[in-house]
1. Taking the dipole about the Cα centre of segment 83-125, with the C-beta of Lys and Arg at +1 and of Asp and Glu at -1, give me whichever of Val113, Gly125, Leu84 is farthest to the positive side.
2. What FRET efficiency comes out for the pair Ala81/Leu260, r = Cβ-Cβ distance, R0 = 45 Å, nearest 0.05?
3. Under 30 Å Cα-Cα from Lys95, which lysines qualify once same-chain neighbours fewer than 8 residues away are excluded?
4. Read phi for every residue in segment 94-99 and hand back ³J(HN,Hα) as whole Hz from Karplus 6.51 cos²θ - 1.76 cosθ + 1.60, θ = phi - 60°, with x for Gly and Pro.
5. Can you compute the label reach from Glu144? Point 7 Å from Cα along the Cβ direction, backbone N cut-off under 16 Å, restricted to segment 205-221.
6. Using mean Cβ contacts within 10 Å as the protection proxy, how do 15-24, 215-224, 109-118 order, highest first?
7. Provide the gained length on full extension for the span Asp89 to Arg68, in nm with one decimal, where the gain is 0.36 nm per separating residue minus the Cα-Cα distance.
8. Can you spot the lysines whose alpha carbon is less than 17 Å from Lys150's alpha carbon? Ignore those fewer than 8 places along the same chain.
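Laboratory data are not the source of any read-out in this text; all were calculated from the coordinates shown. Keep in mind the model is a prediction, meaning the values are calculated, not measured. Virtual Cβ from ideal backbone geometry, glycine too; neighbours counted across all protein chains shown.
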Amino acid sequence: MSALQNKIDFVAFVSVTMANPNGDPLNGNSPRTDYAGLGEISDVCIKRKLRNRMQDLGHDIFVQSADRSDDGSKSLSARAAARLGKAKDFKDSEKYAQKACETWLDVRSFGQVFAFKDTKGQSIGVRGPVSVHQAVSLSPVQVEDMQIVKSVNGEDSGGEKSRTSDTMGMKHFIRFGFYKIKGSINVQLAEKTGFSSEDAAVLKECLRTLFVNDASSARPDGSMEVHKVYWWQHNCKEGQYSSARVHRSVHAEPNAPDQLPSCPDDYQITLEPLEGLEPEVLDGI
């Protein structure tokens, strides 16, 4: 595998239609919004989807969803012990971290804190080179609530005609939202974790196909879509421009600012040129 030599910045525009992209557990699992009414998708949620895609593509992942566990491990500590062995068998924490990075793609991408009984009471931290911002919608989103009713009781009601309270439920969704995801890859940290150019190519494909195999009752197939991915590869380790300037160079504006957008075609994406730095532009799936 070839070492990463150039800093990378990326931006993805994604749409959400009649779905809940990321529920807030402190607000009844309603879609996340800020005080201005803009929709939000947490960085943790985005990295969960990236990890799932990495796993779909056949790569070993440390932080697996319970329903996606492919090795029978029921906890992170069990997975670490099964693959790495006991921490006390390593000369120092750096060797342990190095082995973890070699074993799992998500560890050498996003980093990880190993704080288990097996790590001799100390935390072993790995700083990952891939940073992902929380996504924010470009316009306010309309959050709607729908009362739903199950056709059968979850528990015995004790009577033939009575219904228990668990037959009633609530579903939350937004009618439409257009979100901007931003991220970067730091070369200095990539050198420490062993994150390679091939790993960067995997991340790019995962970003382009972010919502493949991600359907659920809250996010039906086709309700979430990646429209465009902008991928800048600088000509040096430090970057020709700051990540903030690169991320600002591409933006989407509503065609009719006085109307609430209802579909991706209601936005115009504009790319401001940066001298000596051209992005690779990919269509999403």
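1. Leu84
2. 0.30
3. Here the lysines satisfying the reach criterion relative to Lys95 are Lys7, Lys47, Lys49, Lys74, Lys86, Lys117, Lys120, Lys192, Lys204, Lys237.
4. 5, 5, 5, 5, 4, 5
5. Answer for this model: 218-220.
6. 15-24, 109-118, 215-224
7. Gain on extension, Asp89 to Arg68, equals 4.6 nm.
8. The reachable lysines, counting only those whose Cα sits under 17 Å from Lys150, are Lys161, Lys171.
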